[in-house]
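The values are calculated or read from the model by the stated rules, or taken from the named source; none is laboratory data. Note that the coordinates shown come from a computational prediction; the quantities given were computed from them, not determined experimentally. Using ideal geometry, Cβ is built from the backbone for each residue, glycine included, and neighbour counts are taken over all protein chains shown. Ligands, DNA and RNA are stripped out before the accessible areas are found, and what is left, the full protein with its side chains, is counted by its heavy atoms. Shrake-Rupley method; radii C 1.70, N 1.55, O 1.52, S 1.80 Å.
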Amino acid sequence: MKKAFYIIYIAFTMFMISGLTACHDSIFESIENEIALDESGIRGSMGSIVEYGEYLYITPMNKGVIYRKSASATTKGGWQSISAPKTPVAVSLDGSTLYMLAVDWEEGTGDWEGYNVPKYFEYTSTNGTDWSYTGSSYSYTSDASDVPSRYKNQCCSITVGSYTYSIPSSYSTDTITVSNGTTKDVDEGYIYAITATGNSVIVGTEQGIFSMPIQSDGSLGDKTSTVAGHDTSSTFTSDVPIVYVPEAFRNVNEGDGPIYAYNSPVGSSGTTNEGLMAYFPGSGWNRDK
């Protein structure tokens, strides 16, 4: 499954599952240093984090709302819900315009005849709260090939100082390409997303979240699962489709500013740590809410 279609795949999967299974209570594991996971955090699959104006935006599936939070926040909490037409799937920034992909139901055809399948509608906003329909809609396909590319190539490169660190727009590699001509093999399955602080590059992969120090020549040092001074290996056990450091904190050292990540572990839904995770100085990794 290509990263280019990860958002749409999650959306379809979550909607199909929600119609076939009953709700249940999850049993959460503890994160490092015996800090219990906050059960009141934002749950649900998330396709993206977008920074627009003074805010961060996220779209947890099946919630029917968009959440936003001050991008300059240095403590947990503070997410505000924003009403949205239909059910938001993903948000994306294209130039100075904020785009949103939302989903509704339609009767399936072909292999999906007799089932309700999602249909996607696109909206834009110039103030982050009010939405206008663009007139564009997209029917579900197995590879979501007709969905605009702006939703398919987010979080694929990050610049720190004079160097840019890049991964493909569809997850097909475990290697980071550096603009100084070097590469870094992360060797933790496919890389989904990449972000950075002033002294490190952080990636979300099939096997968790990892950090690599930036060397004086721009190349990357050895990876570690210790991110912001905390061992994340027991919390981020597999898929991490999103990692994000707000722009205002990309010039500070790792651990001196917030880091956000969406954790989507594979395995029993009763024992996973799925949801929006965040690190803040002085509080360690936990759910954000």
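Quick notes
- Unique match (being assigned to a loop (DSSP other than H, G, I, E, B), at pLDDT 95 or above and open to solvent by 40 Å² or more (accessible area, probe 1.4 Å)) among 180, 153: 180
- All conditions but one from (1) in contact with a Phe, Trp or Tyr (Cβ under 6 Å, 6 or more places away or on another chain); (2) not in a loop (DSSP other than H, G, I, E, B) apply to residue 165; the one that does not is (1).
- Within segment 213-228, residues that are open to solvent by 40 Å² or more (accessible area, probe 1.4 Å) reach partners that are aromatic (Phe, Trp, Tyr) and modelled with pLDDT of 95 or more with beta carbons closer than 7 Å, at six or more positions or on different chains, in the pairs 223/210; 224/210.
- The requirement of being in contact with a helix residue (DSSP H, G or I) (Cβ under 6 Å, 6 or more places away or on another chain) and β-branched (Val, Ile, Thr) is fulfilled somewhere in segment 78-95, by at least one residue.
- Qualifying residue in segment 191-205 (condition: free of Cβ contacts under 8 Å to residues at least 24 places away in the same chain, outside any loop (DSSP other than H, G, I, E, B) and open to solvent by less than 60 Å² (accessible area, probe 1.4 Å)): no
- When the residues of segment 230-259 are filtered to those that are at pLDDT 95 or above and of a type in the set (Gly, Ala, Ser), the one that is most open to solvent (accessible area, probe 1.4 Å) is 248.
- Elements of type strands (runs of 3 or more DSSP E) contained in segment 77-148, each with 3 or more residues being modelled with pLDDT under 90 and open to solvent by 50 Å² or more (accessible area, probe 1.4 Å): 97-107
- Selection of segment 231-245 for residues being among the hydroxyl-bearing types (Ser, Thr, Tyr) and within 14 Å of residue 191 (Cβ to Cβ) yields only 238.
- Failed condition for residue 27, given (1) at pLDDT below 50; (2) under 30 Å from residue 249 (Cβ atoms): (2)
- Segment 45-70: number of residues that are of a type in the set (Gly, Ala, Ser) and crowded, with 18+ Cβ neighbours inside 10 Å: 3
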